[in-house]
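Colleague: This is the structure I have questions about; it appears just below.
The values are calculated or read from the model by the stated rules, or taken from the named source; none is laboratory data. Not measured: the values here are computed from a predicted model. FYI the Cβ positions are ideal-geometry reconstructions off the backbone, even for glycines, and counts take in every protein chain you see.
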Amino acid sequence: MKNIWVIANWKSNKTISEALDWISIVGPNLEKRDYLKVVVCPTFTDIEEVKKAIQVGNFPLIVGSQDLSPYEAGAYTGEETAAILRQFVDLAILGHSERRQNFNETDDMVARKVEQALEHNITPLVCIQSDHTPIPKGTKLVAYEPVEAIGTGHPDSPQEAESVSQKIKADHPQVEILYGGSITSENAKAYICREDISGVLVGEASLEGEEFVKIVNACLIQ
Ligand code: PGA
């Protein structure tokens, strides 16, 4: 049976108390299934408190970051290294289109971040914007997120998303592929049902705890 990944990308949202409210709504309402991997990716400053709340509640929730440094520890002002993040996270979203567009992140930088993640035992989730975006060596988890579908309410159709996934898998058979871009509790299931789609990366609709629980429930294999 394939894994199903449901990943909340909070982007630049939530104070610590808002983050903890979300955990108290989502945590107790998550089903435990072997194939189900539910991940929350808070801001750097929220990560530690979120991790503690998950441990205290013993909730089936993995913590991820939204980025990490392409460098080891040292004189890199403002950067969070993989070694530091490893204290709290098991996964890192890398190469999101918002980082590529707003912070000039290049394919080369994404590849260095993937190396850092792998070296420190963090699973890199590499975001690609089309089947032409390079997938760095060692990547096992990819999110296909067409830029025009992000935050617009106009997702790729499940058929289009699957056909891109198939193209990617032809060259990278070992990779699990998620879809991201305007996912809601209404449309999530249609993507999960596709054989070559192993989950969803959710931005806007992940911010409300109740809506996120609905998305996770929609993704359960009955
Ligand atoms: P969206 O964002 O769900 O708000 O479209 C998805 C993403 O950017 O990962």
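Colleague: With the structure loaded, tell me whether K137 is more than 22 Å from V89 (Cα to Cα), basic (K, R) and away from the ligand (no atom under 15 Å from the Cβ) or whether it fails that test.
Modeller: no
Colleague: Does the stretch 95-134 hold any residues that are over 24 Å from V38 (Cβ atoms), in contact (Cβ under 8 Å) with a residue 12 or more places away in the chain and away from the ligand (no atom under 14 Å from the Cβ), and which are they?
Modeller: Within the stretch 95-134, D107, M109, V110, A111, R112, E115, Q116, E119, S130, D131, T133, P134 meet the criteria.
Colleague: Anything in the stretch 157-171 that is touching a Lys or Arg at 6+ places or on another chain (Cβ under 9 Å) and not hydroxyl-bearing (S, T, Y)? List them, or say none.
Modeller: Answer for the stretch 157-171, where residues must be touching a Lys or Arg at 6+ places or on another chain (Cβ under 9 Å) and not hydroxyl-bearing (S, T, Y): P158, Q159, A161, E162.
Colleague: Yes or no: I168 over 13 Å from S198 (Cβ atoms) and either touching a residue at least 12 places away in the same chain (Cβ under 8 Å) or surrounded by 20 or more Cβ atoms within 10 Å (Cβ to Cβ) (or both)?
Modeller: For I168, the condition - over 13 Å from S198 (Cβ atoms) and either touching a residue at least 12 places away in the same chain (Cβ under 8 Å) or surrounded by 20 or more Cβ atoms within 10 Å (Cβ to Cβ) (or both) - is not met.
Colleague: Same structure, new question: Go through the stretch 174-192 and report how many residues are surrounded by fewer than 17 Cβ atoms within 10 Å (Cβ to Cβ) and either modelled with pLDDT under 95 or under 15 Å from L36 (Cβ atoms) (or both).
Modeller: Number of matching residues: 2.
Colleague: Take the stretch 150-159 and flag every residue that is within 15 Å of S182 (Cβ to Cβ) and either crowded, with 20+ Cβ neighbours inside 10 Å or more than 13 Å from the ligand (Cβ to nearest atom) (or both).
Modeller: Hits for the stretch 150-159 are I150, P155, D156, S157, P158.
Colleague: Quick one: which strands (runs of 3 or more DSSP E) lie wholly within the stretch 1-108 and hold at least 1 residues that are basic (K, R) and surrounded by 18 or more Cβ atoms within 10 Å (Cβ to Cβ)?
Modeller: Because the criterion is at least 1 residues that are basic (K, R) and surrounded by 18 or more Cβ atoms within 10 Å (Cβ to Cβ), the strands (runs of 3 or more DSSP E) in the stretch 1-108 that meet it are 36-41.
Colleague: Still on this structure, please answer the following. How about the stretch 193-206: which of its residues are surrounded by fewer than 19 Cβ atoms within 10 Å (Cβ to Cβ) and under 14 Å from H154 (Cα atoms)?
Modeller: The one that is surrounded by fewer than 19 Cβ atoms within 10 Å (Cβ to Cβ) and under 14 Å from H154 (Cα atoms): E204.
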